[in-house]
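What follows is a set of notes on a single structure, which appears directly below.
The values are calculated or read from the model by the stated rules, or taken from the named source; none is laboratory data. None of these values were measured; they are calculated from a predicted model. Positions of Cβ are backbone-derived with ideal geometry, glycine not excepted, and every protein chain shown enters the neighbour counts.
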Amino acid sequence: MMHNIDINKMNRLMEENEDARQIISQLLENHQVTVSTIAHEIRNPLTLISSALQIMQVQHPEVTEFSHWKQTMDDVNFMRQLLEELSTFNNGNTLHYSVFSIEHLLKNIAISFAISLDEADSDIEFSSSIPDKLGKYTGDKIKLEEVLLNLLKNAKEAIAGKGTILLTASRKKNVLTIQIKDSGCGIPAENIDSIFEPFKTYKQGGTGLGLSLSKRIVEAHDGSISVASREGQGTTFTVKLPI
Ligand SMILES: Nc1ncnc2c1ncn2[C@@H]1O[C@H](COP(=O)(O)OP(=O)(O)OP(=O)(O)O)[C@@H](O)[C@H]1O
Ligand SMILES: [Mg+2]
């Protein structure tokens, strides 16, 4: 992924040289098409899963009473929307605004996350403290949900089986503060400045996109994201959003 310094260099090259401008524009366009194509290919089988679930529900209405059925349907729909966002990667910073209750959003995320902790995570203690009446928020609900799920996923991965995760929210005047605190491995001081960079990962199998995407989304909402961490003791991510 390119850093600001590379982007500045690229822009300069494009201004100075018409051939470079054409080639770079073409490359950028190809890149966007590739991302859109991959997202589209994943969306197809996911649509099949979603249709199959709907057919099951029509044929066996009793499934709606199964625990986790509604949550599963919601999660599948969430993934479909997420892929739709990715396929329009071009508009990465474009927000789809709606007005929603931030309290409901946070509570739903807490429930989804609690459900996602399976037996293997039985020694993870997850708790949340979300006050009532946080108020209405105008923003991109799907993208904000993605930010919080990324932070919770990181917390779970940092804990590796045993520890605590706490999700809290509070509002002071026009600022909403959301914190995710874990008792996991913490972040070594030498890594802390780079964790928000795209593709910067210190774990096996990570893409290193979670935090960079989250930062981009929070900043597109005029908010900020920060981290405090102690190696071996735990980490707290703080998201502040103007409300
Ligand atoms: N809660 C946390 N505790 C300890 N380290 C963390 C925490 N959150 C992030 N990190 C560190 O920051 C790095 C970057 O995180 P990021 O979410 O961007 O990517 P990732 O988790 O490695 O990969 P992906 O999110 O794509 O699965 C991680 O590899 C990890 O080293
Ligand atoms: Mg991550």
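Surrounded by fewer than 14 Cβ atoms within 10 Å (Cβ to Cβ), among the polar types (S, T, N, Q) and in a loop (DSSP other than H, G, I, E, B) - does that describe any residue in the range 55-74? Yes, the range 55-74 contains at least one residue that is surrounded by fewer than 14 Cβ atoms within 10 Å (Cβ to Cβ), among the polar types (S, T, N, Q) and in a loop (DSSP other than H, G, I, E, B).
Counting only residues that are part of a loop (DSSP other than H, G, I, E, B) and surrounded by 14 or more Cβ atoms within 10 Å (Cβ to Cβ), how many does the range 221-242 have? Give the steps one after another, and end with the answer.
Narrowing the range 221-242 to residues part of a loop (DSSP other than H, G, I, E, B): 221-223, 231-233.
Remaining after also requiring surrounded by 14 or more Cβ atoms within 10 Å (Cβ to Cβ): 221, 223, 231.
Selection size over the range 221-242: 3.
Inside the range 172-187, residues that are among the charged types (D, E, K, R), more than 6 Å from ligand 1 (Cβ to nearest atom) and modelled with pLDDT of 95 or more make up a count of 1. The single condition among (1) in contact with a helix residue (DSSP H, G or I) (Cβ under 9 Å, 6 or more places away or on another chain); (2) touching a residue at least 12 places away in the same chain (Cβ under 8 Å); (3) surrounded by fewer than 20 Cβ atoms within 10 Å (Cβ to Cβ) that S116 does not meet is (2).
If the condition is being crowded, with 17+ Cβ neighbours inside 10 Å and either acidic (D, E) or outside the structural domain of I115 (by TED's automatic domain parsing) (or both), then the range 128-186 contributes D140, E145, E146, D182. Residues that are in contact with a helix residue (DSSP H, G or I) (Cβ under 6 Å, 6 or more places away or on another chain) and not in a strand (DSSP E or B) were ranked within the range 162-187; the one that is farthest from D121 (Cα to Cα) is C185.
Going through the range 1-54 one residue at a time, which ones are outside any helix (DSSP H, G or I) and surrounded by 11 or more Cβ atoms within 10 Å (Cβ to Cβ)? I'd like the intermediate steps shown before the answer.
First pass over the range 1-54, keeping only residues outside any helix (DSSP H, G or I): 1-3, 17.
Listed by number, the list holds a single entry, N17.
Scanning the range 200-243 for residues that are among the β-branched types (V, I, T) and farther than 23 Å from T177 by Cα gives T201, T207. Residues of the range 55-71 that are within 20 Å of S112 (Cα to Cα) and either in the same structural domain as A114 (by TED's automatic domain parsing) or without any contact (Cβ under 8 Å) to a residue 24 or more places away in the chain (or both): V63, T64, E65, F66, S67, W69, K70.
Can you pull out the residues in the range 188-220 that are of a type in the set (A, V, I, L, M, F, W, C), more than 6 Å from ligand 1 (Cβ to nearest atom) and in a loop (DSSP other than H, G, I, E, B)? Once the filter is applied, which keeps residues that are of a type in the set (A, V, I, L, M, F, W, C), more than 6 Å from ligand 1 (Cβ to nearest atom) and in a loop (DSSP other than H, G, I, E, B), the range 188-220 yields I192, F196, F199.
Across the range 147-187, the number of residues qualifying as in contact with a Pro (Cβ under 9 Å, 6 or more places away or on another chain) and at positive phi comes to 0.
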